[in-house]
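Colleague: The structure under discussion is supplied below as structure tokens; questions concerning it will follow.
Nothing in this text is a laboratory measurement; each read-out follows from the coordinates by a stated rule. In this text the structure is predicted, and so the values were computed from the model without any measurement. For neighbour counting, all protein chains shown are included, and Cβ atoms are generated from backbone atoms with ideal geometry for every residue, glycine included.
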Amino acid sequence: MAAQYETFLKELLRPLGVYDLTDGSASESELYALGTGLDELSDRLDYVERESLVATAEGEGLGSWEGLFARRPAADTTELRRAAIAALLQIDGDSFTPEAINRTISGCGIRAEAQELDTPGHLRIIFPDVAGEPAEFETIRQIILDIIPCHLETEFYFRYLTWAELEARGTTWAEVEAEGHSWESFQLWV
């Protein structure tokens, strides 16, 4: 913490010529004490401002925002936590269009998309950035089901490696064996 306010106060009062601002004087000591107090207050206010805004919160602030919801998003980085909170804060009475649902279900903590199926009233939820079942899926599932209107039948769809993707990569079985995959890890090798 730099002594910003002490310097500011001295420069503000110096032109008046009424105060003795030499080192060790009573006036200088008083300005030092006032400046130190104002510097500490300024630092605390900067912290409070940072933690109270979703876009800049890091620790305590994110925890407080997450405490507003029934379930904490299953996000593992600061950026994903911020994005999840921002998505959940968008929910309102007009949030039931397909576009709005896709914006808000990312409040689960990872990117998720709702796709309307041919059968009316049926949705498929996919996780485009995740292979297989996402970590903390039960929490993610509950958050999404809290957001999706209850009259919609919702299914969860998980992405696994396809033969076409394997062929497009030009991957050989020798490369797969060299990676030491089990069948489960091979399916998630996206």
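Colleague: If I build a Gaussian network model for the chain, linking alpha-carbon pairs within less than 10 angstrom, which residue out of Ala135, Ala178, Ala57 has the largest mean-square fluctuation?
Modeller: For the chain, modelled as a Gaussian network with Cα springs under 10 Å, the answer is Ala178.
Colleague: Only Lys, Arg, Asp and Glu count, each charged at its Cβ (+1, +1, -1, -1), so figure out the dipole size of region 51-143 about its Cα centre, rounded to 20 debye.
Modeller: The calculated dipole for region 51-143 is roughly 100 debye.
Colleague: In terms of the Cα gyration tensor, with a ≥ b ≥ c the square roots of its eigenvalues, is region 94-145 rounded because a/c is under 1.5, prolate because a/b exceeds b/c, or oblate?
Modeller: prolate
Colleague: Comparing Asp39, Asp23, Asp129, which has the greatest mean-square fluctuation in the GNM of the chain with Cα pairs linked when under 10 Å apart?
Modeller: Asp23
Colleague: Which value in deg cm²/dmol, rounded to the nearest 500, describes the helix-derived mean residue ellipticity at 222 nm for the chain, given -39,500 (n - 2.57) per DSSP H run of n ≥ 4 and division by the residue count?
Modeller: After summing the helix terms and dividing by residue count, I get -14500 deg cm²/dmol.
Colleague: Can I ask one more? Going by alpha carbons, how many degrees (0 to 90, nearest 10) lie between the helix axis of 4-13 and the longest principal axis of the chain?
Modeller: It is inclined by approximately 30 degrees.
Colleague: Compute, for the chain, the length of the dipole vector about the Cα centre, with Cβ point charges of +1 (Lys, Arg) and -1 (Asp, Glu) only. Units Debye, rounded to 20.
Modeller: Using Cβ point charges on Lys, Arg, Asp and Glu, the chain gives about 320 debye.
Colleague: Which residue, Arg124, Arg44, Arg111, has the most motion in a Gaussian network model of the chain that connects Cα atoms within less than 10 Å?
Modeller: Between Arg124, Arg44, Arg111, it is Arg44 that shows the largest mean-square fluctuation.
Colleague: From the C-alpha coordinates alone, can you work out the Kirkwood hydrodynamic radius of region 5-99, in Å?
Modeller: Result for region 5-99 stands at 17.0 Å.
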